[in-house]
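What follows is a set of notes on a single structure, which appears directly below.
The values are calculated or read from the model by the stated rules, or taken from the named source; none is laboratory data. Since we're looking at a predicted model, the values are computed, not measured. A quick note on method: Cβ atoms are made from the backbone with ideal geometry, for glycine too, and the neighbour counts reach across all protein chains shown.
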Amino acid sequence: MSCRNLPTTNWPAMNKSKLFIFNTHDLPRRAGEMREYDLDIPAPDRIGIDVIAVPEDQGIHIGMKLESVSEGVLVSAQVSTIAEGECIRCLDPVKVPIARNFQELFRYAPEKAHTKAQRKAAEVNDDIDEDEEMMMDGELINLEGSVRDTIVLALPINPLCAEDCPGLCPRCGVKWTLLEPDHRHDVKDPRWAGLSDLFDPDLGGEG
C-alpha cells in the first residue's frame, strides 16, 4: 500500500482518540477467521520527535487484517501518513511519507473467575500480562498505542531535504545553494586587527 497525501482538515468535532477504538463484532471468534479493513483517522495530536512529526489532524491511513486465534485477535496492519519537519542542514521544511507495518495480538479479556483458586490465578496472570500484552475490552481493540509506536519508529532521526544537501554557510547563514561557487569569508586574526588599521588608507594609516 503506498502512502497517500491524506487530508488534514474538516475532521468532525469529537474525541479523536476514540477513533482508534475498533469494534471487532464482525469477526467471528472461530480460530482461522479473517477480515480486512481500511481506516482513515486524524492524528489526535502531534506524534513524533523534536525535529519531525506527524502534525495534529494529519490523516493516518490504516490498512489492516484481523485474524481470530485461540488467544484473541491478531492485527496485521500498515500505517501510512505524512510527517513534517525541518532539514537539519538547511532548515528548509520537509515532508516525509511514512509507511510501516506492525503486528499486535489483542488478547480476549479473561472470563470472570467464580472460585477462589480461579480468582487467584487471574490475579497472577494480570500481574504478568499488564505491561506485556494488549487486552480487548469486550469486542473492542484500541489501536492508538500501536499506531503511535509505529509512526515514531518510522521517523528519520536526522531529516534531510536531500541526501546531498550542503546546508548553510556557517559564517553568514545563507544556504550554500544560493551562494556563488567562490563564496568565502576572510577571517582575520584578532591579534593583528590593530596593526592592519595602521596600513588601511581609508582609516588614515600608512600606505
(message) Residue under question is Ser80, and the condition is that it be in contact with a strand residue (DSSP E or B) (Cβ under 7 Å, 6 or more places away or on another chain), of a type in the set (Ser, Thr, Tyr), at pLDDT 95 or above and within 16 Å of Ile151 (Cβ to Cβ); does it hold?
(response) yes
(request) Please work out which one of (1) without any contact (Cβ under 8 Å) to a residue 60 or more places away in the chain; (2) out of contact with any strand residue (DSSP E or B) (no Cβ under 6 Å at 6 or more places or on another chain) is the condition Leu27 fails and give its number. (result) (2)
